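Each remark here refers to the structure printed beneath this line.
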Amino acid sequence: MTRADQADIARLDTGGSRGPADWIEWNLGNYAEHGFGLWVVETHDGDFIGDCGLTMQEVDGDWLVEAGWHVRPDARRMGYASESAAAVRDAAAESGISHLIAIIRPHNIASQGVAAKIGLRLEREVHKNGGPALVFGADL
């Protein structure tokens, strides 16, 4: 993901307080600090679908590696999130990450399904960023 992706990122519901430019800057900072971040997800024809990748997330005082994904509303329920999240999980395992999580809002049933498809199971419920969240996870 680069600054040139700002118009595409603006099409996503990233669920936070960051706008598209701040989202990209945060992602670039993740790469600089941790060596990983979010990937742009595209079709084979180059159509922007969303993003997916690894970020560090604080959960109850601990910093954990999270697999996160966002898909354009009109491209949901087509398998893009599951395919990209599985690739991210595999990349995390290959890089030596021992435990992977996904933080998902309780109402986001589709993302809970993606988490289950890539082998993550519900570990706990937390309060994060102003509301309830489910933490799915698995040892890799």
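A Stokes-Einstein calculation at 25 °C with viscosity 0.890 mPa s, built on the Kirkwood radius of segment 91-136 over Cα pairs, returns a diffusion coefficient of 218 µm²/s.
Projected onto planes of every orientation and averaged, the convex hull of the alpha-carbon atoms in segment 46-128 covers 5.9 nm². Charge dipole of the chain (Cα centre as origin; +1 on each Lys and Arg Cβ, -1 on each Asp and Glu Cβ, all else neutral): 420 debye, rounded to the nearest 20. Coupling constants for segment 116-125 follow from the phi torsions by the Karplus curve (6.51 cos²θ - 1.76 cosθ + 1.60, θ = phi - 60°), and in residue order they are 5, 4, 9, x, 8, 10, 4, 9, 5, 10 Hz; glycine and proline get x. Annotation: the chain has a Kirkwood hydrodynamic radius of 15.2 angstrom, from the mean reciprocal C-alpha pair distance. Scanning residues 5 or more positions from residue 59 or on other chains, those with amide H under 5 Å from its amide H are 64, with H placed 1.01 Å from N in the peptide plane.
Counting only DSSP beta bridges with both residues in segment 1-120, what percent are antiparallel, rounded to the nearest 5?
Working: 15 of 16 bridges.
Of the beta bridges lying entirely in segment 1-120, close to 95 percent run antiparallel.
Centre-to-centre separation between the Cα atoms of segment 24-45 and those of segment 86-140: 18 Å.
Annotation: amide H of residue 140 within the under-5 Å range of 99, 100, sequence separation 5 or more or interchain, hydrogens built in the peptide plane. Each residue of segment 79-86 was assigned a 3J(HN,Hα) from its phi angle through the Karplus expression (A = 6.51, B = -1.76, C = 1.60, θ = phi - 60°), giving x, 5, 5, 4, 5, 6, 5, 5 Hz with x at Gly and Pro.
A short reminder: the numbers here are calculations on the coordinates, not readings from a lab. As the structure is a computational prediction, the values presented were derived from the model and not from experiment. Positions of Cβ are generated from backbone atoms using ideal geometry, with glycine treated the same way; all protein chains shown enter the neighbour counts.
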